[in-house]
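Have a look at the structure below, then the notes.
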Amino acid sequence: MTKYIDIIGSQMDLGAVRKGVDMGPSAIRHAGLIEKIERIGYTVKDKGDVVPAVAVSQGDPKLRYEKEINASNEQLFRKVKESLDEAHFPLILGGDHSIAAGSVSAVSQHYGNIGILWIDAHGDFNDDRITLTGNMHGMPLSAVCGLGPDSMVSFSSGRVDPSHVAIIGARDIDPEEKIKLRKNGISVYSISDIHTMGIYEILVEALDVVSNGTCGIHLSLDMDAIDPEYAPGTGTPVPNGMTLRETYLAVELVRKSGKLLSMDVVEVNPLLDIKNKTGILASDLIQTALGSTEY
Ligand SMILES: [Mn+2]
């Protein structure tokens with residue numbers, strides 16, 4: 001892996017209902033992120049944040065704030081692309097999960113053929129046809145797979161083959177979304193799969209799905225995958241989540257695969273957090289992904 005890491009934030013909260021997630025990048029930085037990564041041995045450049053325009057009206061209720069989200073994601077796309085062109089590792093801090101339409105489509109355009117490991121309580125596989133809320137943070141995975149909404153990735157030619165996508169930690173998926181995930185052959189490992197198979201076996205399988213026949217892996221870590229007891233500062237908490245052990249081991253195994261190309265960490269909401277517990281956890285998990293080992 002490259003020695004150079006670029007931190008790129010997105011102060012995006014228009015894809016979600018509860019406000020405050022725009023302060024996520026700041027909360028993760030305040031947990032000592034840069035110093036911690038430098039200590040592992042990387043050269044880190046903080047490229048600052050993309051800041052979305054102030055939204056006046058939500059527009060289409062099936063794609064709320066589409067215009068502002070897509071414009072901001074296009075900026076994020078360019079920044080991530082720039083970082084990849086310099087052969088640096090882009091580390092993207094959210095913001096709500098809608099930002100992954102910008103980050104992942106840059107990584108997939110750059111490398112041509114990537115796999116995605118999506119650690120999340122949700123599927124994020126909705127589109128404007130089947131969405132129940134119109135919240136665009138529930139759509140980015142579908143968009144980057146080329147399955148809509150098309151406008152969300154119109155600035156990029158990068159798409160990801162659904163057969164190279166694995167979701168881990170799912171436990172809150174909409175009925176139509178479930179059908180669409182199955183139809184498109186996405187590998188979904190629910191929380192009950194984690195309880196029965198164990199996280200180690202799941203990672204062995206999932207890493208095969210995302211790395212076999214691809215250039216490498218993009219890791220998209222939604223903090224709501226983790227149980228709200230450990231990650232209370234997130235906008236859409238769902239009980240019965242992943243434990244700290246499960247999450248650390250999952251991220252550690254991704255690192256050990258040696259295939260990690262890029263990473264985003266999203267949905268840290270400081271307004272709902274307790275003394276930056278979730279921001280600190282996000283920062284610690286990033287360290288683990290990048291190579292801080294216990295022994
Ligand atoms: Mn998500």
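The values are calculated or read from the model by the stated rules, or taken from the named source; none is laboratory data. These numbers were taken from a predicted model, which means no experiment stands behind them. When we count neighbours, we look across all protein chains shown, and the Cβ atoms used for this are built from the backbone with ideal geometry, even at glycine. We work out accessible area using only protein heavy atoms, side chains counted, and drop any ligands, DNA or RNA first. Shrake-Rupley method; radii C 1.70, N 1.55, O 1.52, S 1.80 Å.
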> Mind checking whether some residue in region 112-128 is assigned to a helix (DSSP H, G or I) and either within 16 Å of the ligand (Cβ to nearest atom) or without any contact (Cβ under 8 Å) to a residue 40 or more places away in the chain (or both)?
Replying inline: no
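For PRO52, state whether it is open to solvent by less than 50 Å² (accessible area, probe 1.4 Å), assigned to a strand (DSSP E or B) and more than 16 Å from the ligand (Cβ to nearest atom). Outline the logic, then answer.
Details: open to solvent by less than 50 Å² (accessible area, probe 1.4 Å): yes; assigned to a strand (DSSP E or B): no; more than 16 Å from the ligand (Cβ to nearest atom): yes.
Taking the combined requirement at face value, the residue does not satisfy it.
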>> Just to be sure I understand, how many residues within region 1-36 are modelled with pLDDT under 95, within 26 Å of CYS215 (Cα to Cα) and open to solvent by less than 60 Å² (accessible area, probe 1.4 Å)?
In response: 1
> Considering SER257, SER262, which residue is of a type in the set (S, T, N, Q) and under 14 Å from LEU203 (Cβ atoms)?
Replying inline: SER257
>> Given (1) part of a helix (DSSP H, G or I); (2) under 25 Å from THR234 (Cβ atoms), identify the lone condition not met by ILE173.
In response: (1)
> Does any residue in region 262-275 that is over 26 Å from ILE116 (Cβ atoms) come within less than 9 Å, Cβ to Cβ, of a residue that is open to solvent by 20 Å² or more (accessible area, probe 1.4 Å) and within 15 Å of the ligand (Cβ to nearest atom) six or more places away or on a different chain, and which pairs are these?
Replying inline: LEU271/ARG18; LEU272/ARG18; LEU272/PRO237
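From the list GLY134, GLY148, which residue is under 25 Å from LYS67 (Cβ atoms) and within 16 Å of the ligand (Cβ to nearest atom)? Explain how you work it out, then say what you get.
On the way: GLY148 fails: within 16 Å of the ligand (Cβ to nearest atom).
When all the criteria are applied, what remains is GLY134.
Please go through region 205-240 and give me each residue that is in a loop (DSSP other than H, G, I, E, B), within 14 Å of the ligand (Cβ to nearest atom) and touching a Ser or Thr at 6+ places or on another chain (Cβ under 9 Å), ordered by number.
Matches in region 205-240: ALA231, THR234.
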